[in-house]
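Asks: What follows is a single structure, and I will ask about it in a moment.
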Amino acid sequence: MSIQTPNGFTLDNSGKRIVVDPVTRIEGHMRVEVNVDANNVIRNAVSTGTMWRGIEVILKNRDPRDAWAFTERICGVCTGAHALTSVRAVENALGITIPENANSIRNLMQLALQVHDHVVHFYHLHALDWVDVVCALKADPKATSQLAQSVSDWALSSPGYFKDIQTRLKKFVESGQLGPFKNGYWGNASYKLPPEANLMAVAHYLEALDFQKEIVKIHTIFGGKNPHPNWLVGGLPCPINIDGTGAVGAINIERLNHVSSIIDQLIEFNEKVYVPDVMAIGSFYRDWLFGGGLSGKNVLAYGDVPEHANDYSEASLKLPRGAIINGNLADILPIDLADPEQIQEFVIHSWYKYPHEAKGLHPWDGVTEPHYELGPNAKGTKTNIQELDEGGKYSWIKAPRWRGHAMEVGPLARWVVGYAQGKPEFKEPIEKVLKDLGLPMSALFSTLGRTAARALDSEWAGRQMRYFFDKLVANIKAGDSATAFVDKWKPQTWPKEVKGVGFTEAPRGALAHWIKIKDGKIDNYQCVVPTTWNASPRDPKGGIGAFEASLVDTPMSDPTQPLEILRIIHSFDPCLACSTHVMSPDGQEMAKVQMR
Amino acid sequence: MRKLSSTRPRVLVLGIGNILWADEGFGVRVVEAFHQSYSVSDNVTVLDGGTQGLYLVQFVMETDYLIVFDAIDYGLSPGTLKIVENDEVPKFTGARKMSLHQTGFQEVLSAADLLGHYPEKLALIGCQPVDLEDWGGPLTEPVKAVIPEAIRTAVAVLKGWGIEARARSGGIVPSLLGNDLDFDNYEQRASRIDHLRTLP
């Protein structure tokens, strides 16, 4: 039966149903079911999170000053983003301010996370959806060298270098030990790169793997340790002792110089490797413009990277803030996370219970009461679902909406907002990418556009790191070494009952935590994470979320190999994507694919 | 950078898993307890790896001998401890999916190998979990009960490698996990919710 969604998509679930489980572990696991028509074009998509995440149960009655440490354990990838969001929420609730140095250092840590996450996501999780590793064995190292030198002046580009990479890869493949490359649909017709581009990408996969180790050292330096760096309500736990030598944990000249050198390296890596690779790969996929989904219609960005400490207004935030509805780029709508009418979460299709199912709840009043039941048309049993019924409850993910609209969040969303605002630092790089690929503006709203926006985001973040590093050093030289304000540290100084909200742009999109504090303890805590926005199930009006929207109308070259589904979903960088390539018990498949 | 024969081997005692997720927290809780009860020389690092996945590659690459604790589905009875060593540790995905982090951690091992820095000696000390799905829940009793045995096993493995772990004789040892996440504070307030809330 064909239906029209209120947000402009046509769904038809009459065709063959394909179940891909898991696509990735997100908030637990994620599963996608699609219906394809006779030509193997996706006509209906159902995205479900299969694991409950009840952070508020864990946090209830704990000390708000410890919340960051719990929330950074939610997810293995954006630990720092959760920690930063949490300390901002507590500071917002209690009216706690932070020093300028803490603002600069938090920005440096957040931007380092952006670059690190984007680089690892592209090379180690997403590139293999575009790059055929086995095909790289057929490449001519000399021609690969010529290709590499034509896209940038990165030093590692000699024929001998690529020959060496190819030999290492060959050894891996021939031993039957593909390692991280094991679970790919190598040879699938949806892979379009020539062997040389594949080999160049494999070389950069290895370089990125080696280089990402350097980026995280910034977290070790400022956070005292890694993994799980330390954060602090009111600033940062690391003191600045600029003339100090060897003081444990203190930031001194030696450590600052180390940070500066890493920033130089990551700027160069972005400019000479990451962005050119995305452009080179993109040029072979310029005809594959599927997966746009909501990106050309509804996007949401909270903004981040404050220029001035404690100023979270749009004017102070260097990453764009605003909402766009119905593709109207001329009208950027202001957002207010404290307004109960704006962000609301719905559960009519989620395995939770609300007093009124058709109504949404603002996160401050959020309720997380599990209620697991399958719709009447589901196939299988509660403990062994063969096919979900999207007409009933079908996901452990709630459905957040902005003024009732499903929204896409992430690098593409924030770059679309920045583009619409006419800010040259966002508008010009987008125009250049489209021009260099010979594509119209509409092509931005695609899987390729999402992947390109992430690369531009990484490049932007690297340059901002240089800016905030210089700002930090200038401020320290001017005699300010404060990294924390502790005047409101003690709960005795707090009001009896308060609430607050903290937000960031996590690598994968808009992230916010809402907190209520009562008698010095956490009374309610709700996180709305980027993947909740993007992977959300349907809302009471039938509006579909970003994942579902992006899959609809995509043709599959071979439904038994869901490469296109993985490529599109991976382009959102879903949470816990480190576990994306999940294998079946026999270790042979990337995902279980069932056709019904 | 392979170690020179004259230098001491670099050793990593690593716990992985999600402490918010019942028995998933096994690996991290073992290294926490190991740190409480044993002191080690400065060539030995005791690390709470959490769910960092691929981001742990740098630690593995800088290690000559590696011990990993994790909750592993061996299909044995709950709380059973099992150790696998060296080539047995399924570097390239064995016949069975063994651990919730296996793909993540196997990728870490493969990545370290691809980059030419694979640990010389390797031991995986795993525990069969009871419950991996209780968010905010504590370790289950059978799993909690084998923590001392897991530590003894690790101490024996280390000894076999010529590495000494010395039992601490009292005094205050700061926990590896702060901010109320340490075992006692986390567990005393964590409570089970008996809803069916996951798809199998």
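We did not get these values from a lab; they are worked out from the coordinates using the rules stated. If you're wondering where the values come from, they're calculated on a predicted model, not measured in any experiment. Note that each Cβ is placed from the backbone with ideal geometry, even for glycine, and that neighbours are counted across all protein chains shown.
Asks: Within 10 Å of each Cβ of B:18-28, how many other protein chain Cβ atoms are there on average?
Replies: Going residue by residue through B:18-28 and averaging, the value is 2.
Asks: 5 Å is the cut-off here: which amide hydrogens, built 1.01 Å from N in the peptide plane, fall below it relative to A:Q386, excluding neighbours closer than 5 in sequence?
Replies: A:K379, A:G380, A:T381
Asks: While we're on this one: Å³ per residue of the Cα convex hull, for the stretch B:11-175? List each step's numbers first, then the result.
Replies: Values: hull volume 17.9 nm³, N = 165.
Taking only Cα atoms, the stretch B:11-175 has a hull volume of 109 Å³ per residue.
Asks: Based on the mean of other Cβ atoms within 10 Å per residue, sort peptides A:298-307, A:88-97 so the most packed one is first.
Replies: Ranking, from highest mean packing down: A:298-307, A:88-97.
Asks: HN-Hα J couplings of the stretch A:545-559 from phi, Karplus 6.51/-1.76/1.60, θ = phi - 60°, integer Hz, Gly and Pro as x?
Replies: x, 5, 4, 4, 5, 6, 7, 4, 6, 8, x, 9, 6, 8, x
Asks: Okay, moving on. Given the Cα-Cα distance of A:D336 and A:A482 and 0.36 nm per residue of separation, how much length would full extension add, in nm? Please list the in-between numbers first.
Replies: On the way: separation 146, 0.36 × 146 = 52.56 nm, distance 3.06 nm.
Between A:D336 and A:A482, full extension yields 49.5 nm more.
Asks: List the lysines whose alpha-carbon lies under 17 Å from that of A:K163, not counting same-chain residues fewer than 8 positions away?
Replies: A:K138, A:K142, A:K171
Asks: Right, next: In percent, how large is the relative contact order of chain A, given Cα pairs closer than 8 Å and 6 or more residues apart? Walk me through the numbers before you get to the answer.
Replies: Working: 1253 pairs, mean separation 156.1, N = 596.
Computed over chain A, the figure is 26 percent.
Asks: From the mean inverse distance of alpha carbon pairs (Kirkwood) and the Cα radius of gyration, derive Rg over Rh for the protein assembly as shown. Show your work: numbers first, answer last.
Replies: Values: Rg = 25.1 Å, Rh = 26.7 Å.
My calculation puts Rg/Rh at 0.94.
Asks: A further question follows. Please state the relative contact order of the stretch B:11-175 as a whole percent: Cα pairs under 8 Å, 6+ residues apart?
Replies: Working: 327 pairs, mean separation 55.8, N = 165.
Dividing the mean separation by the residue count of the stretch B:11-175 yields 34 percent.
Asks: Next question. Shielding of B:176-185 by partners, i.e. mean partner chain Cβ atoms within 10 Å per residue?
Replies: Values: counts 2, 3, 4, 12, 8, 7, 0, 0, 0, 3.
Mean partner shielding for this stretch: 4.
Asks: Please list, ordered by chain and number, the residues whose modelled amide H lies under 5 Å from the amide H of A:K16; skip anything fewer than 5 residues away on the same chain.
Replies: Those lying under 5 Å, H to H, from A:K16 are A:V36.
Asks: Quick one: what are the phi-derived ³J(HN,Hα) couplings along the stretch A:405-414, Karplus 6.51/-1.76/1.60 with θ = phi - 60°, whole Hz, x for glycine and proline?
Replies: Result, rounded to whole Hz: 9, 6, 10, 8, 10, x, x, 5, 4, 5.
Asks: Mind checking which lysines have their Cα closer than 21 Å to the Cα of A:K423? Skip sequence neighbours fewer than 8 apart in that chain.
Replies: Straight-line reach from A:K423, under 21 Å: A:K297, A:K318, A:K432, A:K435.
Asks: Lys and Arg at +1, Asp and Glu at -1: add these up for the other residues within a Cβ distance under 11 Å of B:I151 and post the number.
Replies: 0
Asks: Do any of A:K225/A:K499; A:K16/A:K379; A:K359/A:K382; A:K393/A:K541; A:K353/A:K382 go past 23 Å between their Cα atoms, and which? Let's see the in-between values first.
Replies: Details: A:K225/A:K499 30 Å; A:K16/A:K379 14 Å; A:K359/A:K382 26 Å; A:K393/A:K541 14 Å; A:K353/A:K382 17 Å.
Pairs exceeding the cut-off: A:K225/A:K499; A:K359/A:K382.
Asks: Follow-up. Tell me, B:F69, A:F346 in order of fewest to most beta-carbon neighbours within 10 Å? Intermediate results must be reported in sequence, preceding the final value.
Replies: On the way: B:F69 30, A:F346 25.
Placing the least packed residue first, the sequence is A:F346, B:F69.
Asks: Here's a follow-up. With unit charges on the beta carbons (Lys and Arg positive, Asp and Glu negative) and the dipole taken about the Cα centre of the protein assembly as shown, which residue among A:V528, A:I515, B:T51 sits farthest to the positive side?
Replies: Value: B:T51.
Asks: A follow-up question, please. I'd like the mean, over residues of B:43-55, of how many other protein chain beta carbons sit within 10 Å of each residue's own Cβ.
Replies: Details: counts 0, 0, 0, 0, 4, 3, 3, 7, 11, 8, 9, 11, 13.
Mean partner-chain Cβ count within 10 Å for B:43-55: 5.
Asks: Name the long-range amide H neighbours of A:V41: under 5 Å, sequence gap of 5 or more, or other chain; modelled H, no Pro or chain starts.
Replies: Placed amide hydrogens put A:M556 under 5 Å from A:V41.
Asks: How do A:M1, B:M61, A:M30, A:M465 line up, fewest other C-beta atoms within 10 Å first? List each step's numbers first, then the result.
Replies: Numbers: A:M1 7, B:M61 20, A:M30 31, A:M465 27.
Starting with the residue having the fewest Cβ neighbours, the order is A:M1, B:M61, A:M465, A:M30.
Asks: Near A:P194, within a Cβ-to-Cβ distance under 11 Å, what is the net charge of the other residues, with Lys and Arg +1 and Asp and Glu -1? Could the numbers behind the result be given before it?
Replies: Values: positive: A:K138, A:K192; negative: A:D132, A:D140, A:E196.
Every neighbour counted, the sum reads -1.
Asks: Could you tell me what percent of the DSSP beta bridges with both partners in the protein assembly as shown are antiparallel, to the nearest 5? Working shown, then result.
Replies: Values: 67 of 89 bridges.
Taking every DSSP beta bridge within the protein assembly as shown, about 75 percent pair in antiparallel fashion.
Asks: In sequence order, what are the phi-derived ³J(HN,Hα) couplings for the stretch A:468-473 according to the Karplus relation 6.51 cos²θ - 1.76 cosθ + 1.60 with θ = phi - 60°, rounded to whole Hz, with x for glycine and proline?
Replies: Listing the rounded values in order: 6, 5, 4, 5, 4, 5 Hz.
Asks: A follow-up question, please. Give the order of A:D277, A:D389 when sorted by the count of other beta carbons within 10 angstrom, beginning with the fewest. Spell out each step's value before the answer.
Replies: Numbers: A:D277 27, A:D389 17.
Result, fewest neighbours first: A:D389, A:D277.
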